[in-house]
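Only one structure is covered here, and it is reproduced in the block below.
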Amino acid sequence: MIPLARRAAIGAVLVGSIAAGVLPAGAAQARPLTPATDREVTFTVDGTVTYGTLHLPVHRRGQRMPAVLLLPGSGSTDRNGDQPPALTPHTLAKLADALARDGVASLRFDKYGSGRTGLGAYADKPETIDYPAFVRQADAAYRLLARQPEVDRRAVRLIGHSEGALTALMVAVAAEPRTAGVGLLQPLAERFLDVLARQLHEQLAAAVAAGQMSPEEQRAIGRAVDRAVADLRAHRPIDTSAMPAALAALFQGLGGPSRRYVESIDAVDPASVARRLPPRTPALLTCGTIDPQVPCDTTTPLATALARAHTAGPGRVVLPGVGHDLTDPADPDVLAPAALDALHRFMRCGAPAAR
């Protein structure tokens with residue numbers, strides 16, 4: 001962190017006090033309004049140009065606003081929270097709009113493998129990209145956001161959705177400037193391969209319940225899944241011989257060019273990272289009661305870790321009737337009211353006075 005010089009801080013207080021006594025009441029409010037705008041931004045990290053959108057809400061000229069870095073989920077998810085053309089929930093774009101309505105600026109960007117950024121410097125060697133590269137990319141975005149002239153660097157937060165929540169945690173533990181809060185929305189709450197194995201075991205159980213396979217087949221395939229996970233963690237060739245074709249293809253993909261990424265993200269335990277957060281950091285953790293990817297009970301170790309780190313509220317918030325994409329079941333085009341309420345509570349927690 002590069003702290004403000006003590007003398008400069010004192011000077012700012014004195015100037016503010018003098019100005020308060022000289023300017024007529026309401027002078028600050030009389031400054032002209034600047035309309036909301038999207039600003040295309042770029043930054044370079046590890047030899048790759050990353051493309052993003054800085055969303056600025058309506059604000060007074062010269063105003064310094066709170067801001068949030070928004071981080072997407074797994075796979076080739078772009079700055080809007082989409083994997084076009086098949087998956088377009090616009091999760092991050094909707095979050096940016098919701099924050100703007102509260103006067104909060106935001107930055108979202110196309111991470112490696114998505115949007116205009118693509119694989120960048122890794123295009124000719126995709127097998128060399130690992131999870132720490134994504135963390136460095138997010139950290140560079142956080143620093144860029146804090147440097148924007150419209151942003152109050154005391155009030156920059158991180159919000160990650162799904163796998164992006166883990167990246168938010170990784171950046172937050174050593175963020176410069178110190179983060180004003182970290183939001184974990186439907187987060188990757190367990191180690192990567194533990195989540196994958198749990199989901200596959202649940203699918204096998206559902207197939208038995210639907211009469212699509214026998215319990216004996218379930219046990220055999222389940223053992224094969226556990227062996228494959230152990231192979232990945234031990235850096236061994238993956239044995240897929242006892243798996244159905246579709247499942248074998250999944251693990252062969254995990255053991256292919258993306259293996260370095262898979263092994264490096266699986267090495268990170270979200271709860272262990274959360275325990276390293278600076279004390280009194282405002283933290284939000286959400287889980288939806290109809291989210292099959294992140295059931296609420298799987299977030300308990302992460303919620304406990306946030307408490308042990310002595311973070312501030314709101315803490316874990318259960319979202320009734322909300323799924324993984326945070327949308328309103330009655331209107332999938334908008335975020336669920338419960339998710340918006342949790343977001344508002346988080347942004348108010350520990351917020352500094354307006355500048």
Please work out the FRET efficiency for the pair Arg154 and Asp341, using the Cβ-Cβ distance as r and a Förster radius of 25 Å; give the result to the nearest 0.05. 0.50
Counting only residues 5 or more places away or on other chains, whose amide H sits under 5 Å from the amide H of Ala336 once H atoms are built in the peptide plane? Thr327, Asp328
For Leu285, distant residues with modelled amide H under 5 Å away: Leu184, Gly315, Arg316, Val317
Nearest-0.05 FRET efficiency for Ala210 and Lys125 at R0 = 45 Å, using Cβ-Cβ distance, is 0.60
HN-Hα J couplings of region 113-127 from phi, Karplus 6.51/-1.76/1.60, θ = phi - 60°, integer Hz, Gly and Pro as x? x, 9, x, 6, 5, x, 8, x, 5, 9, 4, 8, 8, x, 5
Residues in region 38-59 that a label on Arg101 would reach, taking backbone N under 20 Å of a point 7 Å out along Cα→Cβ: 38, 55-59
Report the net charge of residues surrounding Leu107, where surrounding means a beta-carbon distance below 12 angstrom and charges are Lys +1, Arg +1, Asp -1, Glu -1. +2
Taking 0.36 nm per intervening residue step and subtracting the Cα-Cα distance, what contour gain separates Arg178 from Val318 on full extension? 47.7 nm
Any trypsin sites (Lys or Arg not before Pro) in region 35-115 that lie in a DSSP loop and have at most 13 other Cβ atoms within 10 Å would be Arg61
Divide by every residue of the chain the summed helix terms, -39500 (n - 2.57) for each DSSP H run of at least 4, and state the resulting mean residue ellipticity at 222 nm, rounded to the nearest 500 deg cm²/dmol. -12000 deg cm²/dmol
Taking C-beta distances below 4.7 angstrom as the pairing criterion, name the unpartnered cysteines of the chain, in sequence order. Cys349
For the residues Ser74, Ser162, what sequence is obtained by ranking on other C-beta atoms within 10 Å, fewest first? Ser74, Ser162
So between Arg219 and His90, what do we pick up on full extension, going 0.36 nm a residue minus the alpha carbon distance? 42.6 nm
Alpha carbons only, please: Rg and Dmax for the chain, in angstrom. 22.2, 82
Going through region 124-217, which chymotrypsin sites (Phe, Trp or Tyr not before Pro) have at most 14 other Cβ atoms within 10 Å and a DSSP loop state? none
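None of the figures in this text is laboratory data; all of them are computed from the coordinates on show. Everything quoted here is computed from the prediction, not taken from an experiment. Neighbour counts are summed over all protein chains in view; Cβ atoms, including those assigned to glycine, are modelled from backbone coordinates with ideal geometry.
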